[in-house]
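These notes concern the structure reproduced below.
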DNA sequence: GACCTCGGTTGCGTATGTTGCAACGACTGT
DNA sequence: ACAGTCGTTGCAACATACGCAACCGAGGTC
């Protein structure tokens, strides 16, 4: 809708990848470099980018500032923090907290595992719904109509041999997830990692977010992963309690 | 330079404070609401903003995503992380990592203290150079000419009775900081808090960032604070080593 | 040391994108 | 049912942001 803004935001994405030079950026988004220069200058005034030397542009501090304000306002993150940190400390595995946004999963918090298997995830990163344990938990929690609508309109790219690739299979899986109260990603997203996830609920029993544990397959086989489910559920229950949830359903 | 972009970025700042309604935002930046709507839509497409219901706008996930990419690229933060986390765990006090940017201090990392005295700081937040321990460390590390230039062109608002308010006093303080190798903020920024800070150095001995500990005065008197200096310096030394610094100065 | 290239910067005229307006529509609460 | 509030749309006028081309300044090469 707004051209210059649109271009500026695209610029930010490019710069985020790593520090770029001017014509480089101009070429990338297909506009004249003078245009890019003006946009960058405005971004710089607002501290969204900073110059490194003369050549290079990097993301600036306004970015962190706003992001942290935003994170603070997401209260599930705060209320779930102690329980998830404890889970992470106890098991040593990577723990994620994620929520649904616009047809995708967004990671809103992450506790790095002790085993330094670098996972390609990051707070703020988005991931597909069909091949992540958190995605399944979040969609399974929606009203049946919405769930169906989303499942039918999604794409199902096969990222590994195990990825679910049809709406029918996905809906069946969601039904299972709803019944069991947790979800599994059996190497459906990345070949060498499998995950389990469970919901964090709020005062009205609604699902606020999903918490997951991700474990490299070399560290723990499928059975071993499933054995962690009670541990995960203990943590999500504690997180739910801190988010206003009460055992006996809705209280009003 | 670019009007629409400028307005959009201002919008983001307003939204960050807390979720706002449309005309509210329009009034705040003094433009027609239809204009605001269009800008917000573009921001929304890029996930910089998300709608909550229809009325309210919140910061979106692109914010976190970019911010975390940016933070990852700041390598002092990564390399200092273990030492500072340990310092924080050991003492229970709030630890900050900060760097210099455009006449101000920017916090690039924070480890919350155990004693929940809510300090008004946040990763990405900016603070003045003249009344913070980290500010003193960072400016003291600059070349004399630059140091003088900055000291002379700064403003010296008196935030507490202890705040340094003249360039002369500030320059004298910097000299002391350079000599001692650490800086103190004796309730010069906030009445009830005092801090100590020390530099984190890189491969060429240059100061990459400053690390600080902030302690409420009720918890520890001035003498007690100074007693923590060796502890802090141990941590910054460790952080420096992990950032490529070597004891015996420049190695090339 | 002079030349050349590459990248950043500037001024300017034009057209394009953006703006404000006013009318519409959806929703809330009384 | 009505009034008020807030979000949304189409349109025409204008200002703004655009691309161009020429100008610098620095780094590298011969």
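Read the figures in this text as sums done on the coordinates, not as results from a lab. None of these values were measured; they are calculated from a predicted model. We place every Cβ from the backbone using ideal geometry, glycine too, and count neighbours over all the protein chains shown.
Compute the label-point distances linking residue A:181 to its equivalents in the other copies; points lie 7 Å from Cα along Cα→Cβ; give nm, one decimal, shortest first.
5.7
Treating the point 7 Å from Cα along Cα-beta-carbon as the label, what are the nm separations from residue A:21 to the other copies, to one decimal?
5.2
Using only the alpha-carbon atoms, how far is helix A:75-91 inclined from the longest principal axis of chain A? Give it as 0 to 90 degrees, nearest 10.
70
Going by how many other beta carbons lie within 10 Å of each one, how would you line up B:246, A:236, fewest first?
B:246, A:236
Pairing the Cα long axis of helix A:167-180 with the longest principal axis of chain A, what angle in degrees results, from 0 to 90 and rounded to the nearest 10?
Long axis of A:167-180 versus the principal axis of chain A: about 60 degrees.
As a check on your reading of the symmetry: which chain A residue has its Cβ nearest the axis that brings A onto B, and how far is it in Å?
Here the nearest residue and distance are A:67, 2.
Within a 10 angstrom radius of the beta carbon, how do A:228, A:59 rank from fewest other beta carbons to most?
Ranking A:228, A:59 by Cβ neighbours within 10 Å, fewest first, gives A:228, A:59.
For each of B:49, A:241, count neighbouring Cβ atoms within 10 Å of the residue's Cβ, then give the residues from fewest to most.
If I rank by nearby Cβ atoms, fewest first, I get A:241, B:49.
Shielding by partners for B:54-64, please: the mean number of other protein chain Cβ atoms within 10 Å of each residue's Cβ.
Mean number of neighbouring Cβ atoms from other chains: 6.
Roughly what % of DSSP beta bridges within the protein assembly as shown run antiparallel, to the nearest 5?
Here the antiparallel bridges make up roughly 100 percent for the protein assembly as shown.
Note the angle between two axes, namely the Cα long axis of helix A:144-153 and the longest principal axis of the Cα atoms of chain A, as a number of degrees from 0 to 90, rounded to the nearest 10.
The helix A:144-153 is inclined about 50 degrees to chain A.
Between copies, how far apart are the residue B:234 label points? List them in nm, one decimal, shortest first, with each point 7 Å from Cα toward Cβ, please?
Result, one decimal in nm: 3.4.
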